[in-house]
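Accompanying notes for the structure given below.
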Amino acid sequence: MEIKNHKVSTMEEVCLMTFDQNTTMLGECHSTTRPPLFNGDNYFCWKTRMKLFIQANDYKVWRVIINGQNNPIKRESNSIIVLKDEDDWDQDDIKMA
């Protein structure tokens with residue numbers, strides 16, 4: 001399988017070929033609103049499809065999965081650092097969270 005400017009691992013290649021050639025093996029329709037169902041078989045195919053599903057729906061969610069959640073903080077008057085209340089977040093805090 002050739003994909004321009006993108007190196008794909010062997011397991012992803014197998015998953016994509018299976019996905020293209022035999023969609024009945026996956027046992028479900030391909031929905032853009034419903035995540036792929038993991039039925040206990042073909043974990044690597046499901047993992048790839050789930051990753052693509054999350055990235056396509058909201059790439060910010062994928063960044064949280066990979067990097068973890070970043071909660072905005074503030075420094076109190078006595079130099080103690082505490083989490084900001086969500087009501088106190090500004091636009092930069094929302095982007096970073």
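The values are calculated or read from the model by the stated rules, or taken from the named source; none is laboratory data. In this text, all values refer to a predicted model and were calculated from it rather than measured experimentally. Ideal geometry is used to build each Cβ from the backbone, glycine not excepted, and the neighbour counts take in all protein chains shown.
Quick check: anything in the stretch 2-23 outside any helix (DSSP H, G or I), surrounded by 13 or more Cβ atoms within 10 Å (Cβ to Cβ) and at pLDDT below 70?
Initially, the stretch 2-23 is screened for residues outside any helix (DSSP H, G or I), giving 2-9, 22.
Adding the requirement that they be surrounded by 13 or more Cβ atoms within 10 Å (Cβ to Cβ) leaves 8.
Pick out the ones that are also at pLDDT below 70 and you get 8.
The answer is yes, given that some residue of the stretch 2-23 is outside any helix (DSSP H, G or I), surrounded by 13 or more Cβ atoms within 10 Å (Cβ to Cβ) and at pLDDT below 70.
Scanning the stretch 46-89 for residues that are in a helix (DSSP H, G or I) and more than 15 Å from the chain's Cα centre (by Cα) turns up GLU86, ASP87, ASP88. Find the residue count for the stretch 44-97, including only residues that are closer than 30 Å to SER31 by Cβ and not aromatic (Phe, Trp, Tyr). Adding up the residues that qualify gives 24.
Evaluate the stretch 41-55: report whether one residue or more is surrounded by fewer than 12 Cβ atoms within 10 Å (Cβ to Cβ) and either closer than 28 Å to GLN91 by Cα or in the same structural domain as TRP89 (by TED's automatic domain parsing) (or both). No - not one qualifying residue is present in the stretch 41-55.
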